[in-house]
1. Give me the residue from the stretch 1-31 that is open to solvent by 80 Å² or more (accessible area, probe 1.4 Å) and part of a loop (DSSP other than H, G, I, E, B) and, out of that set, modelled with the highest pLDDT.
2. Using beta carbons and a limit of 6 Å, which pairs, at least six apart or on different chains, have the first residue in the stretch 50-78 and among the small types (G, A, S) and the second one open to solvent by 40 Å² or more (accessible area, probe 1.4 Å)?
3. Out of the residues in the stretch 77-114 meeting the condition of being assigned to a loop (DSSP other than H, G, I, E, B) and among the hydrophobic types (A, V, I, L, M, F, W, C), tell me which one is surrounded by the fewest Cβ atoms within 10 Å (Cβ to Cβ).
4. Looking at the stretch 77-84, can you tell me whether even one residue there is farther than 17 Å from C112 by Cβ and of a type in the set (K, R)?
5. Checking the condition aromatic (F, W, Y) and modelled with pLDDT under 85, which residue from F68, F76, F100 passes?
Amino acid sequence: MTDNVTGLIWQKVASRTTYTQPNAINYCGALSLGGSGAGWRLPTLRELQTIVDYSKGYASLMMDTTVFSGEPANWFWSSTSKALSPSNVWYVVFNAGSAFTTSISGLNYVRCVR
């Protein structure tokens, strides 16, 4: 799915499995969708925040459900490390529209971008 505002191409259906952040990076790097080849990567925090739909109610899936359907309203990894703490990484919670940090060994969902 191409975002006409940012020009980013998003993985339409996110992972159904949770990953550690290093494994999420590997998952995206190995992704090949519909013959579109390589180039997939884990989004930055700013990129991931561009798909939060703040018009949706708290505790619901705060994402455009006509574009991204059947998603878990849950935590999604970014590639952005916390300043001064590279073992902690930012993630976005799609049932609150908020961003937090956690250890790279935690388990979150993945939506890749290119």
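1. Top of the filtered list is R16.
2. Qualifying pairs under 6 Å: A59/N95; A73/N95; S78/T44; S78/W90.
3. L84
4. Yes, the stretch 77-84 contains at least one residue that is farther than 17 Å from C112 by Cβ and of a type in the set (K, R).
5. F68 is the lone residue from the list that is aromatic (F, W, Y) and modelled with pLDDT under 85.
The values are calculated or read from the model by the stated rules, or taken from the named source; none is laboratory data. No experiment lies behind these values; they were computed from the predicted model shown. Because the Cβ atoms are built from the backbone with ideal geometry, glycine has one as well, and the counts that use them run over all protein chains shown. With ligands, DNA and RNA removed, areas are computed over all heavy atoms of the protein, side chains included. Shrake-Rupley method; radii C 1.70, N 1.55, O 1.52, S 1.80 Å.
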